[in-house]
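Enquirer: There's a structure below that I have some questions on.
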Protein chains: 2
Amino acid sequence: MSLSSLPQPINPPQRLLMGPGPINADPRVLRAMSAQLVGQYDPAMTAYMNETMELYRGVFKTANEQTLVVDGTSRAGIEAALVSLIEPGDRVLVPIFGRFGHLLREIAERCGAEVHVIEVPWGEVFAPEAIEAAIIEVQPALLAVVHGDTSTTVAQPLDELGAICAQHGVLFYTDVTASLGGNTIETDAWGIDAVTAGLQKCLAGPSGSAPATFSTKAVERIVARKSIEAGIREAGDAVTAHPIRSNYFDLAMIFDYWGPKRLNHHTEATTMLYGARECARLLVDEGIENAVERHRLHGSAMLAGVQGLGLAVFGDLAHKMNNVVAVMIPDGVNGDAVRGELLNDFGIEIGTSFGPLHGKVWRIGTMGYNARRDTVLTTLAALEAVLRRAGASVTPGGGVGAAYEIYADADRAVRASSGAGA
Amino acid sequence: MSLSSLPQPINPPQRLLMGPGPINADPRVLRAMSAQLVGQYDPAMTAYMNETMELYRGVFKTANEQTLVVDGTSRAGIEAALVSLIEPGDRVLVPIFGRFGHLLREIAERCGAEVHVIEVPWGEVFAPEAIEAAIIEVQPALLAVVHGDTSTTVAQPLDELGAICAQHGVLFYTDVTASLGGNTIETDAWGIDAVTAGLQKCLAGPSGSAPATFSTKAVERIVARKSIEAGIREAGDAVTAHPIRSNYFDLAMIFDYWGPKRLNHHTEATTMLYGARECARLLVDEGIENAVERHRLHGSAMLAGVQGLGLAVFGDLAHKMNNVVAVMIPDGVNGDAVRGELLNDFGIEIGTSFGPLHGKVWRIGTMGYNARRDTVLTTLAALEAVLRRAGASVTPGGGVGAAYEIYADADRAVRASSGAGA
């Protein structure tokens with residue numbers, strides 16, 4: 001491309017994004033993001049920031065004062081949490097059950113941590129006892145664990161880990177990027193000290209803003225490492241032994257920017273903030289439990305549908321996330337060719353996979369704005385068509401039929417409960 | 001606020017943002033950002049990424065292959081450049097002439113650099129000889145200098161620094177967040193190795209994406225520090241002595257994500273990318289020189305206007321940026337009260353200031369979408385009204401009148417040149 005041929009304005013093809021995320025944004029989120037800007041200290045802007053904090057307290061189910069968004073993708077949220085919590089030399093325990101556990105290890109190592117890992121095969125999760133045993137052996141300062149890992153489709157149960165961490169004096173961090181909004185997460189009830197997420201999965205927004213929340217214990221640890229910016233530091237000011245290694249991700253400074261002091265740090269990404277606020281507003285309006293139930297329903301329909309086509313699924317179904325399923329690619333079928341036909345002929349995107357699952361499974365998501373009946377049925381009908389064309393043996397109508405049954409059961413339950421109420 | 005009172009959808013008040021940035025986004029940028037998402041490896045998406053690279057080569061005036069956007073605010077771009085270029089222990093020279101020089105020092109220190117600074121009073125810039133003398137004394141690995149610093153409104157001349165750095169074997173980094181698009185910047189012709197920016201000033205977009213470009217020499221230094229992610233590292237793989245301390249800001253990995261390998265790193269912030277691409281597309285369509293000339297015209301009109309009102313301005317006018325002016329707050333006038341009346345009664349935001357200028361000057365911008373005749377004249381008329389109300393002595397009609405004269409001269413020049421062409 002030379003500059004003599006100016007590219008056209010943005011006009012993307014219509015896609016139905018049924019992979020592991022990003023998925024289509026809710027049109028209401030995009031509308032919120034089309035609003036004109038205001039100044040970063042405009043009363044309207046600071047009110048939006050305060051409302052965003054309160055809305056995410058609802059989404060994360062927490063009373064944490066320090067509940068805000070980090071300006072960057074979900075990975076930025078992870079790094080902000082880890083670089084602010086970890087002092088170089090700290091021992092960190094990372095239970096790894098998929099790709100994103102490796103990412104937590106990688107980031108913790110770059111933060112200077114002495115990282116210890118335990119692993120289970122992809123598709124499985126850890127028993128709480130196994131994590132407690134490792135905590136006793138490693139005596140880490142921090143436990144860092146992914147909740148739902150889209151690479152394997154399973155979610156690590158977290159409900160018992162907070163008590164274990166508290167008992168052993170360990171801070172407890174988790175990444176809920178893939179699970180938040182579509183699966184039950186109880187930040188306070190489960191005793192989690194730091195949680196980070198992203199918009200591009202069940203929150204129905206675009207990547208680029210990382211909601212996060214921090215307990216009093218986490219905040220104390222972070223604020224203790226606060227260093228005063230070089231430009232305004234005065235002789236005699238205390239210098240911490242291990243200042244936070246990043247300026248952009250220094251949560252102590254970010255807390256002061258979001259708090260009543262409004263100390264200047266970065267220039268808040270206004271349009272992403274508008275989007276992040278609307279994602280949370282829609283979830284709180286729907287009710288978090290209702291949103292989780294919606295993901296459970298459409299995830300169940302998709303699971304029943306792919307099984308109804310005669311396809312096998314991967315991973316421990318007892319711990320499968322509501323919002324994604326890993327489908328074994330049938331023998332003799334070229335997985336990438338099938339994905340390409342779905343995209344090119346039907347405008348539907350499903351996901352490939354990483355590491356040990358590469359070439360073995362497709363990952364199909366039902367999340368956020370795309371956790372709907374029409375998207376599930378359309379995807380199953382299209383999948384049947386392209387699989388048949390690829391010469392695979394599929395049960396005719398088995399996918400859509402099995403999903404219809406799930407929806408019929410749900411419709412009956414709704415009628416029964418509204419009848420009971422009448 | 002309790003969750004029983006759901007906040008309303010985003011509906012910000014109309015503001016004319018005439019401060020030092022962020023400013024109003026061009027409506028065409030917001031329209032681009034309202035487009036629906038596509039998958040991160042969709043051919044449409046990777047084409048948009050490639051076009052974005054090419055468009056920013058035009059904006060930065062460079063042939064650098066590694067020209068891309070970092071997902072975060074302009075501060076994220078600075079940190080990505082510095083953490084990827086600086087090895088702990090490296091000597092870095094930072095000439096400081098305003099607030100953002102202090103920020104470069106602060107970030108470089110957190111990267112583990114041995115930072116040396118030279119300073120001039122706010123409002124002044126460095127002679128190239130002074131920077132060369134410091135380079136000879138310090139022998140740094142990197143020179144890190146802000147181009148235009150909105151805190152003082154002046155821009156450091158950079159055109160001679162590339163040759164000086166090359167002669168002494170020093171890498172040359174500059175932050176052009178405040179100046180790009182509104183002031184001449186010649187990445188290649190001036191021999192700059194690394195340049196970072198943001199959208200929220202003369203590029204007419206929202207904060208949240210950081211365009212950046214890196215010379216072959218910078219890329220070689222960065223790629224030499226590449227480390228393979230923990231999850232996929234194999235026994236026997238070389239481990240660099242000083243891996244880049246950040247994963248999110250590891251430019252070696254970000255280059256591989258934007259390059260033909262498309263190695264997965266973060267999930268690209270699609271909506272911000274749409275916006276960043278449109279910002280560059282509009283600038284390239286206008287012509288970078290024409291955009292700079294537009295900023296020069298409206299900046300001159302605003303400068304003449306505030307002087308025409310009888311107000312003094314701050315800083316070395318010979319090095320003033322085209323897009324912002326610092327206006328001395330008249331004696332006896334409460335600067336914050338005047339700013340408040342402009343905002344509340346006219347919907348116009350002008351800027352306060354930092355550090356030694358706090359309480360002494362307002363900063364008024366004419367940049368990006370707001371570098372227009374109507375915005376300049378409206379702001380000057382409103383400023384006269386609120387100053388008179390505050391009891392200040394102003395020349396009646398002197399602001400608008402002086403700006404009209406600048407525009408009349410420009411109109412005559414246009415007529416003359418179109419007449420000469422007929």
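The values are calculated or read from the model by the stated rules, or taken from the named source; none is laboratory data. Please read these numbers as outputs of a predicted model, since none were measured by experiment. Methodologically, a virtual Cβ is constructed for each residue, glycine included, from the backbone with ideal geometry; neighbour enumeration extends over all protein chains shown. Quick note on the areas: whole protein, heavy atoms, side chains included, nothing else; ligands and nucleic acids left out. Shrake-Rupley method; radii C 1.70, N 1.55, O 1.52, S 1.80 Å.
Enquirer: Residue under question is B:Gly181, and the condition is that it be in contact with a strand residue (DSSP E or B) (Cβ under 7 Å, 6 or more places away or on another chain) and modelled with pLDDT of 95 or more; does it hold?
Expert: On the way: in contact with a strand residue (DSSP E or B) (Cβ under 7 Å, 6 or more places away or on another chain): no; modelled with pLDDT of 95 or more: yes.
The answer is no for B:Gly181.
Enquirer: Go through segment B:348-361 and report how many residues are in contact with a helix residue (DSSP H, G or I) (Cβ under 9 Å, 6 or more places away or on another chain) and over 30 Å from B:Asp159 (Cβ atoms).
Expert: Here the count works out to 6.
Enquirer: Name the residue, out of B:Ala382, B:Ala410, B:Ala402, B:Ala416, that is open to solvent by 30 Å² or more (accessible area, probe 1.4 Å) and more than 26 Å from the chain's Cα centre (by Cα).
Expert: Numbers: B:Ala382 fails: open to solvent by 30 Å² or more (accessible area, probe 1.4 Å); B:Ala410 fails: open to solvent by 30 Å² or more (accessible area, probe 1.4 Å); B:Ala402 fails: open to solvent by 30 Å² or more (accessible area, probe 1.4 Å).
The unique qualifying residue is B:Ala416.
Enquirer: For residues in segment A:314-332 being of a type in the set (A, V, I, L, M, F, W, C) and open to solvent by less than 20 Å² (accessible area, probe 1.4 Å), which is farthest from A:Ala280 (Cα to Cα)?
Expert: The initial filter retains those residues of segment A:314-332 that are of a type in the set (A, V, I, L, M, F, W, C), namely A:314, A:317-318, A:321, A:324-329.
Adding the requirement that they be open to solvent by less than 20 Å² (accessible area, probe 1.4 Å) leaves A:321, A:324-327.
Working: A:Met321: 20, A:Val324: 21, A:Val325: 25, A:Ala326: 27, A:Val327: 30 Å.
The extreme case among them is A:Val327.
Enquirer: Can you confirm whether B:Asn323 is assigned by TED's automatic domain parsing to the domain that holds B:Gly299, in contact (Cβ under 8 Å) with a residue 12 or more places away in the chain, under 30 Å from A:Gln36 (Cα atoms) and not acidic (Asp, Glu)? Spell out the reasoning first.
Expert: On the way: assigned by TED's automatic domain parsing to the domain that holds B:Gly299: yes; in contact (Cβ under 8 Å) with a residue 12 or more places away in the chain: yes; under 30 Å from A:Gln36 (Cα atoms): yes; not acidic (Asp, Glu): yes.
Here the answer is yes, as B:Asn323 does meet what is asked.
Enquirer: Also: Sort out which residues of segment A:154-165 are touching an Asp or Glu at 6+ places or on another chain (Cβ under 9 Å) and either in contact (Cβ under 8 Å) with a residue 60 or more places away in the chain or open to solvent by 10 Å² or more (accessible area, probe 1.4 Å) (or both), and write them in order of number.
Expert: Initially, segment A:154-165 is screened for residues touching an Asp or Glu at 6+ places or on another chain (Cβ under 9 Å), giving A:154-156, A:158-162, A:164-165.
Across segment A:154-165, the qualifying residues are A:Val154, A:Ala155, A:Gln156, A:Asp159, A:Glu160, A:Ile164.
Enquirer: Give the residue that is surrounded by the most Cβ atoms within 10 Å (Cβ to Cβ), with candidates limited to residues of segment B:15-48 that are more than 7 Å from chain A (Cβ to nearest Cβ) and not in a helix (DSSP H, G or I).
Expert: B:Ile23
Enquirer: Quick one: which of A:Leu342, A:Leu311, A:Leu283, A:Leu297 is more than 30 Å from B:Ser5 (Cβ to Cβ), outside any loop (DSSP other than H, G, I, E, B) and open to solvent by less than 50 Å² (accessible area, probe 1.4 Å)? Full working, then the answer.
Expert: On the way: A:Leu311 fails: outside any loop (DSSP other than H, G, I, E, B); A:Leu283 fails: more than 30 Å from B:Ser5 (Cβ to Cβ); A:Leu297 fails: more than 30 Å from B:Ser5 (Cβ to Cβ).
Just a single option satisfies the conditions, and that option is A:Leu342.
Enquirer: Here is a follow-up. Residue pairs, Cβ under 9 Å, 6 or more apart or interchain, first in segment A:49-70 and more than 12 Å from chain B (Cβ to nearest Cβ) and surrounded by 20 or more Cβ atoms within 10 Å (Cβ to Cβ), second among the polar types (S, T, N, Q) and assigned to a helix (DSSP H, G or I). List them.
Expert: These pairs meet every condition: A:Asn64/A:Thr216; A:Gln66/A:Thr216; A:Thr67/A:Thr52; A:Leu68/A:Thr52.
Enquirer: Name the single residue, out of those in segment A:206-220 being out of contact with any strand residue (DSSP E or B) (no Cβ under 7 Å at 6 or more places or on another chain) and closer than 22 Å to B:Tyr248 by Cβ, that is surrounded by the fewest Cβ atoms within 10 Å (Cβ to Cβ).
Expert: A:Ser207
Enquirer: Is it the case that B:Ser74 is surrounded by 24 or more Cβ atoms within 10 Å (Cβ to Cβ) and more than 10 Å from chain A (Cβ to nearest Cβ)?
Expert: On the way: surrounded by 24 or more Cβ atoms within 10 Å (Cβ to Cβ): yes; more than 10 Å from chain A (Cβ to nearest Cβ): no.
No, not satisfied.
Enquirer: Continuing with this model, one more query. Can you name the residue in segment A:355-371 that is outside any helix (DSSP H, G or I) and crowded, with 21+ Cβ neighbours inside 10 Å and is also farthest from the chain's Cα centre (by Cα) among such residues?
Expert: Of all residues in segment A:355-371, those outside any helix (DSSP H, G or I) come to A:358-367, A:371.
Remaining after also requiring crowded, with 21+ Cβ neighbours inside 10 Å: A:361-367, A:371.
Numbers: A:Val361: 21, A:Trp362: 19, A:Arg363: 15, A:Ile364: 15, A:Gly365: 13, A:Thr366: 13, A:Met367: 11, A:Ala371: 15 Å.
Once the filter is applied, the top-ranked residue is A:Val361.
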